[in-house]
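The values are calculated or read from the model by the stated rules, or taken from the named source; none is laboratory data. Predicted model, so just to flag it, every value in this text is computed and none were measured. Reconstructed Cβ throughout: ideal geometry from the backbone, glycine too, with neighbour counts over all protein chains shown. Areas reflect the complete protein model, heavy atoms only, side chains present, ligands, DNA and RNA absent. Shrake-Rupley method; radii C 1.70, N 1.55, O 1.52, S 1.80 Å.
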Amino acid sequence: MPELPEVQILVNKLGPRLERARIQAIEVRDRKIKLRQNVVGRRILRVWRRGKNIIFDLSGRLHLLVHLRMTGWFEFAEPKRYRVAIRTGKGTVYFEDGRRFGVMQVVTPAELQLALSALGPDPIADGCDLSQLRKTSRPVKVALLDQRLVAGVGNIYASESLWRARINPRRRADQLRPEKVRALERAVVVSLRKAIKYGPRIFEVQRFAVYERAGRPCRRCGTIIRRIVQAQRSTYFCAKCQR
């Protein structure tokens, strides 16, 4: 699933190509996507991100709200299969999504505010505040995946951030000392910003510390990286660095 860095990189590509462009046509090829209001003729004023959501601000006080979910992505060259094509005066973008879990909907400002109000702080847009972690008894790795506590962090960057902060993913979140929470806040921001800097080639060149490195040596101490399952998701960590 694309997480905050991948979504931000995509927004960075969409903005210059679509902002100020007028929508000339919308082609919906998947009946699961129903756009309840016609947005043809409206201008795309801004493309931005909140957590893992992409928001297209449209003229006439409407918004196109997109969540990529597991496999959603926007392409600029026509792929073999796509769910939606947005045709504008500056070109066409294609929403492809192999597993068809992604969501695209037209919403009013009030509906957008309601949807985004359920999210916790965005570590990049708002600064990282993980104080709410200490109010849950869940393992800290599981708590980090709760978008109501922190928006945009998923399985990859939860594991990477916990390694950077030297915190065992199985530790109960409410047992973290304040200094460990602050270390984790810093680690989350560093991990996300580092990933964003990879840019459009992130999937080709990104180098992880622990994620998907089970059986390989820790980049910090050389101990073999372990994999466990938490909340039906894979967690990777170093048993020595993250006691």
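Listed values, structure above:
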| quantity | calculated |
| --- | --- |
| Aspartates and glutamates whose Cα lies under 19 Å from that of residue 80, excluding same-chain neighbours fewer than 8 positions away | 27, 30, 96, 97 |
| Residues residue 132 and residue 76, FRET efficiency given R0 of 41 Å [Cβ-Cβ distance, rounded to 0.05] | 0.60 |
| Among 15, 190, 121 the positive-end extreme of the charge dipole of the chain (Cβ point charges) | 190 |
| Heavy-atom SASA rank of 159, 137 (probe 1.4 Å, accessible area, largest first) | 137, 159 |
| Contour minus Cα-Cα distance for residue 171 and residue 206 (0.36 nm per residue) | 9.9 nm |
| Part-to-part distance (alpha-carbon centres) for the range 61-115 and the range 202-233, which is given in Å | 31 |
| The range 4-117, dipole about Cα centre (Lys/Arg Cβ +1, Asp/Glu Cβ -1), debye to the nearest 20 | 180 |
| 13 Å beta-carbon shell around residue 213, net charge (K/R +1, D/E -1) | +4 |
| Cα-Cα over 30 Å, subset of 34/194; 32/135; 13/34; 32/197; 52/90; 141/194 | 34/194; 32/135; 32/197 |
| Protection-proxy order for peptides 22-29, 2-9, each taking the mean of Cβ atoms within 10 Å per residue, highest first | 2-9, 22-29 |
| Cβ charges +1 (Lys, Arg) and -1 (Asp, Glu), total dipole of the range 113-159, debye | 260 |
| The chain - charge dipole about Cα centre, Lys and Arg +1 at Cβ, Asp and Glu -1, debye rounded to 20 | 680 |
| Segment residue 45-residue 216, extension gain: residue separation times 0.36 nm, minus the distance between their alpha carbons | 56.9 nm |
